[in-house]
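Student: Pasting in a structure now, in C-alpha cells, and then I'll have a few things to ask.
The values are calculated or read from the model by the stated rules, or taken from the named source; none is laboratory data. Being a predicted model, the structure only gives us computed values, none of them experimental. So basically every Cβ, Gly included, is an ideal-geometry build from the backbone, and we count neighbours across all protein chains shown.
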C-alpha cells in the first residue's frame, strides 16, 4: 500500500448474492496506480465475482464502490469501460470469424469522416500493437484459425493497449506457453511503470508471486488475507486459501488421505507420448479395470483437450492410444464409442437435450440396438425406468422434460445415458461441478459403484475435493505435462495445489 497515496479504486463492504447464496460477504479491496495486485483463491471463492462488479458485469450488489475517491455505480460494462476499466475474462470473448485486426479494434474501429471503416489503417495499427507485444501474425488472418493460446494473447493485447487505467486479467496465462508468459509479464511491468493499475487473477501461485506487488487471498466469499508478495510464500498462500479448523471449507481434505496400493487388474487404456499443439506434451499413463484414475490440474492445464482426444473429438499431433492392448486411432466419437469409451463432458449441455424427456436422453445411445427402422418408445421408457431407479434420479418420472430436473439429477441422466451402453472406459470431466453437497455425494456413490462393477474410470477435475473423494491414483497435469503421480501414499489438498 503506497504511503499516503489515494487508491484509484476502492471497494468497501461489498456483498453480492446469487439466488439467496452469498458469493461475496463484506469485502474491502483497494487498488493503486502503478500496482500489480494478485488475487488467489479456490474455485468459487469470489475472486471473479468481485472483478465482474468492478468491470460492470454484475450491477446489483451492496457496499460502496469508489473510483478516484468518488462513489460510482456502473450499470453496464460499457459504463466501466468509459471510466477506464477493462477486463480479460477467463472465457475467451473474441470473435473467431472476424480478422485479427477486427478483434484488436473490436467496437472501436477507426472510421473516416464518411463513417466508413479504414481497413488499411486498422490492419497497420493492429500489426504495430501486436508487434509491441511480440506477436508476429497477419492482421487480416481469421482469428478462429489461430491456436487458442495465440487467440488469448491477442485478446489480452487488445485490452492492455486499450488505454484503460485499470486492467483486470482473469487467468491470463492458462493457455500460454512459457515464452508467452514471459512476454506478458514484461508487458505488464511496462504498463505498471506507466501508471496503470492491474489486477492479476491466477491459480498459478508462482506467477502471482513473480509479477505482483501485493497479493489478496479469498476464501468462501471473504477476503481473508492481504500481503506484499515479497513477504509471503506459495505454502503460506495455499494455507490461507484452504483454511484450517472451523474456517476450513466443507470436505477440504486438508489432512492426509491414504491412497490404496495400485491395482494389478487388466489395462483398459494405455496412452503413450500423447501430444497436441500447445495443449499436451508427451502425456503417458494407463487406466485399469476397477480403478478410478484422477487427473487434477488448474484451468487450462490440458484436461479438456485430453478428454476430447480420448473420445475422438480431437486428433492428437503425436502419440498413441490402445484399448485392451489394441492400438486405436479414433476418427470420430462413434469410433470411440464402438471401442468402449464413453465421455461425460464438463458441460452437460454438450450431450443432453433439455427440451426432450428424460427417457429420450437416456435411450439415445442405444437406439440402433433396440430399433432398426421404427422407434419403440415403450422399450425406451422401460430401459430408462431401470436406470432412473438404479441411479435414484429425482423426480422418477421418465416422461418429464430434462430441463425440469436439478443440475445434480441432470448429471445422473448423463451417466445413465452411457450405462445403457456399458463402456469399458468412462471419462468424466468435472462430474460434481456446481452441485450441492447431497447431489455430489450421490454422484460420488454412483462412480464408486461403477468402479466396483469393473469399469475403468478417469475423473478429470480442477476441484481437488472431487479428485480426492473419488480417485485411487492421482496424476497432476500442469501446462500440458504430467508432473506428479500420487499412489499408495498420503495425499492432501495442499499437496495437490503445491504440485499443480
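Student: Does residue 104 satisfy the condition of being crowded, with 18+ Cβ neighbours inside 10 Å and at pLDDT 90 or above?
Tutor: When the stated conditions are applied, residue 104 does not pass them.
Student: Also, quick follow-up: Going by what's in this entry, would residue 30 be described as at pLDDT 95 or above and in the same structural domain as residue 14 (by TED's automatic domain parsing)?
Tutor: In short, yes.
Student: Search the range 412-439 for residues being within 24 Å of the chain's Cα centre (by Cα) and without any contact (Cβ under 8 Å) to a residue 60 or more places away in the chain, and hand back the single one that is nearest to residue 392 (Cα to Cα).
Tutor: Result: 412.
Student: Condition check: within 17 Å of residue 191 (Cβ to Cβ) and over 21 Å from the mean Cα position of the chain (by Cα). Does residue 117 satisfy that?
Tutor: Taking the combined requirement at face value, the residue does not satisfy it.
Student: Give the range 463-477 a look and list any residue that's under 24 Å from residue 243 (Cβ atoms) and in contact with a strand residue (DSSP E or B) (Cβ under 8 Å, 6 or more places away or on another chain), or say none.
Tutor: 464, 466, 467, 468, 470, 471, 474, 476
Student: Kindly indicate whether any position in the range 304-324 is at pLDDT below 90 and assigned by TED's automatic domain parsing to the domain that holds residue 461.
Tutor: Yes, because at least one residue in the range 304-324 is at pLDDT below 90 and assigned by TED's automatic domain parsing to the domain that holds residue 461.
Student: From the list 95, 101, 126, which residue is in contact (Cβ under 8 Å) with a residue 24 or more places away in the chain and within 28 Å of residue 347 (Cβ to Cβ)?
Tutor: 95
Student: For the range 1-81, which strands (runs of 3 or more DSSP E) that fit wholly inside it have 2 or more residues that are in contact with a strand residue (DSSP E or B) (Cβ under 8 Å, 6 or more places away or on another chain) and over 22 Å from residue 225 (Cβ atoms)?
Tutor: The qualifying strands (runs of 3 or more DSSP E) are 62-67.
Student: Surrounded by fewer than 14 Cβ atoms within 10 Å (Cβ to Cβ), in the same structural domain as residue 127 (by TED's automatic domain parsing) and in contact with a helix residue (DSSP H, G or I) (Cβ under 8 Å, 6 or more places away or on another chain) - does that describe any residue in the range 80-93?
Tutor: Yes, there is a match, as at least one residue in the range 80-93 is surrounded by fewer than 14 Cβ atoms within 10 Å (Cβ to Cβ), in the same structural domain as residue 127 (by TED's automatic domain parsing) and in contact with a helix residue (DSSP H, G or I) (Cβ under 8 Å, 6 or more places away or on another chain).
Student: Mind listing whichever residues of the range 270-292 are over 13 Å from residue 475 (Cβ atoms) and crowded, with 23+ Cβ neighbours inside 10 Å?
Tutor: Scanning the range 270-292 gives a single hit, 279.
Student: For the range 472-487, does any single residue satisfy the condition of being within 23 Å of the chain's Cα centre (by Cα), at pLDDT 90 or above, within 25 Å of residue 407 (Cβ to Cβ) and not in a loop (DSSP other than H, G, I, E, B)?
Tutor: Looking for residues that are within 23 Å of the chain's Cα centre (by Cα), at pLDDT 90 or above, within 25 Å of residue 407 (Cβ to Cβ) and not in a loop (DSSP other than H, G, I, E, B), one finds none in the range 472-487, hence no.
Student: Could you list, in sequence order, the residues of the range 456-468 that are touching a helix residue (DSSP H, G or I) at 6+ places or on another chain (Cβ under 9 Å) and either part of a helix (DSSP H, G or I) or more than 10 Å from residue 429 (Cβ to Cβ) (or both)? Steps first, please.
Tutor: Going residue by residue through the range 456-468, those that are touching a helix residue (DSSP H, G or I) at 6+ places or on another chain (Cβ under 9 Å) are 457-462, 464-468.
Across the range 456-468, the qualifying residues are 457, 464, 465, 466, 467, 468.
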